[in-house]
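Everything below concerns the one structure shown next.
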Amino acid sequence: MEYYFNNSTANGASVDKISVKHTGSHSYGSYSHDDNYHWRTCTRCFRVAKSGHVWIEGSAYSTCKICNYIKFNVQRVARFMLPMNID
């Protein structure tokens, strides 16, 4: 890993901000996620690999087949919880 600092030069070019050049393979940890995306951060260069969930649809919940995040399908569950019309 190489570091270049403000007002320095790298291969003859001026560097105006701190730059990190990662020269090895990435080392990703476990997934972080929200309702729309999952991501992992490389512990060597801090690159973030982010993508959308790939859902396996279920009746009450769906599971992302990449990161195993579970999303409850509230509309589907609520439909079964409505009171029945008893006449």
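Grab the other residues whose beta carbon is less than 13 angstrom from that of residue 50, score K and R as +1, D and E as -1, and report the net. Summing Lys/Arg as +1 and Asp/Glu as -1 gives +1. In this simple spin-label model, placing a label point 7 Å from the Cα along the Cα-to-Cβ direction at both residue 71 and residue 35 gives a separation of 0.9 nm.
Any read-out appearing in this document is the output of simple, stated calculations on the displayed coordinates, not a laboratory observation. For clarity, every value in this text was computed on a predicted model and none was experimentally measured. We place every Cβ from the backbone using ideal geometry, glycine too, and count neighbours over all the protein chains shown.
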